[in-house]
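First the structure, in the form of structure tokens, and then the observations on it.
Readers should treat all values here as calculations from the given coordinates under stated rules, not as data from a laboratory. These numbers were taken from a predicted model, which means no experiment stands behind them. Cβ placement follows ideal geometry from the backbone for every residue including glycine, while neighbour counts extend to all protein chains displayed.
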Amino acid sequence: MNQRIQTLLELIEDGVGVIDVGTDHGYLPTTLAKRGYLGNLIASDIKEGPLSAAKATAAYEQVQHKIQFLLCDGLQGCDPRKIDTIVIAGMGGDTICRILDLAEWTMDPRYTMLLQPMTKAEVLRYWLTSNEYGIVEERLVEDAGRCFSILRVRFGSECDCLNDGEMFTGAYHHIRRDPLCARYLQDRAQRLGRALSGLQTGGEGESGKAKLLATAKQQIEEMLRDANGSGNI
């Protein structure tokens, strides 16, 4: 089991039920079923292939009768009354935004969302904070040599005011004590540096984007100096 799934499992509390959106091989709901989770367990996927793989995983562990399998786009087939925890992991941040945007019933503090974007995390954070979803917690995980962030989100919770850099990293106070913090910040600063190098700043739009990225990179470097306890990066 990879560290991303392990961390998601640690964040799930007993409750009404859990839906794992884009379940792929169904490792998360299958593990919850094996551990005796008492609420509803739902595994959904937009494609039949991954959903069949999830069914096979559950059948192998003899817990298939404890899981409902849904072939649907995002949360479109989910009964909101059956769950209080929504897991959307392993997708692009823009895709996660679309899934939540099409499920307005998630705009309710009864639901906890565990979101793990593979790319475009800054897009997801901007969308969440713009739509009154509070980022309650962020945890860093390492998987296959890369660092990722897992966001615990609830609508209406107090929302941090994120600066440009924190849109790319998450609120610094959430991650500053994490052992992966310095490495994660270094990686984000380097990514922004490469993006800046690749920009052709001739047009007004591109110039504005370059200014935004440069500001974000500078703010991340300031966080990194604090994380390292040194003036040197």
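For the reader, a short list of remarks on this structure follows.
- If you run the Gaussian network model on the chain, springs between alpha carbon atoms under 10 Å, then out of ASP20, ASP79, ASP94 the most flexible one is ASP79.
- Dipole-positive endmost among HIS65, GLY22, LEU38 within the range 3-159 (Cβ charges, Cα centre): HIS65
- Degrees, to the nearest 10: 204-228 long Cα axis against longest axis of the chain: 80
- What the Cβ-Cβ distance of LEU102 and GLN62 gives, at R0 = 41 Å and to the nearest 0.05, is a FRET efficiency of 0.75.
- Whole-number D in µm²/s for the range 3-159 (Stokes-Einstein; Kirkwood sum over Cα pairs; 20 °C, 1.002 mPa s): 139
- Sites CYS161 and LYS34 - FRET efficiency at Förster radius 30 Å, r taken between beta-carbons, to 0.05: 0.15
- Per-pair calculated FRET efficiency, R0 = 45 Å: SER52 and ALA210 via Cβ, rounded to 0.05: 0.45
- Partners for LYS66 among lysines (Cα-Cα distance below 29 Å; same-chain residues under 8 apart left out): LYS34, LYS47, LYS55, LYS82
- Charge dipole magnitude, Cβ of K and R +1, D and E -1 - the range 182-228, Cα centre, debye nearest 20: 140
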